[in-house]
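Read through the structure below, which is laid out as structure tokens, and then see the notes.
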Amino acid sequence: MPTLDDVRAIALSLPETVEKVDGHRGGPGWRVSDALFVWQRSPSKADLSALAALGRTWPDGPVVGVRTEGLEAKEALLGSFPDAFFTIPHFDGYPAVLVHLDRIEPDLLREVITDAWIVKAPKRLSKAWLAENE
């Protein structure tokens, strides 16, 4: 089972990534060119209320948010890996998924974090990284 330390290691292995603590919820997030691509996510009171209205609850265990290439990519992850990924009303219309760290395979976690970095990194940087790593 991957941990937040694994998320940190994957994110920081990607070029020009920096870790910053989010002032809103106090959890770490990882950015490239000041663009957030993966972050620790805990529920807000509004999240819990919205989930309760839907008859759902926030899952046990650690959760991170990960940017996706778009809404189609988001829906593909949610449909293909429903045990590993989920979403909440707060993320409706937003290209990101939430990840159950205790339910995702390490290789898939590495893939979605890397894909998120590619989406948010400057094109010159992502092209250079892809040329070296594919």
- Task: Could you tell me what percent of the accessible area of the chain is made up of carbon and sulfur, with a 1.4 Å probe and every protein chain present?
- Result: 52
- Query: Which angle between 0 and 90 degrees, to the nearest 10, do you get for helix 123-133 versus the longest principal axis of the chain when only C-alpha atoms count?
  - Reply: 80
- Message: Taking the solvent-accessible surface of protein heavy atoms with a 1.4 Å probe, what is the per residue accessible area of the chain in Å²?
- Response: 55
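Tell me what the chain gives for mean residue ellipticity at 222 nm when only DSSP H runs of n ≥ 4 count, each as -39,500 (n - 2.57), the sum divided by the residue total, rounded to 500 deg cm²/dmol.
-12000 deg cm²/dmol
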- Calculate how steeply helix 106-120 sits against the longest principal axis of the alpha-carbon atoms of the chain, using the helix alpha-carbon long axis, and give the answer as 0 to 90 degrees to the nearest 10. 70
- Query: Relative contact order of the stretch 39-102: what whole-number percent is it, with Cα pairs under 8 angstrom and at least 6 residues apart?
  - Reply: 39
- Hey, rough spin-label estimate for Asp60 and Thr3, points 7 angstrom out along Cα→Cβ, what's it come to in nanometres? 1.9
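The values are calculated or read from the model by the stated rules, or taken from the named source; none is laboratory data. This structure is a prediction, so every number in the text was calculated from the model and none was measured. With ideal geometry, Cβ positions are generated from the backbone for all residues, glycine too; neighbour counts draw on all protein chains shown. Keep in mind that these areas ignore ligands, DNA and RNA; they rest on the heavy atoms of the full protein, side chains included. Shrake-Rupley method; radii C 1.70, N 1.55, O 1.52, S 1.80 Å.
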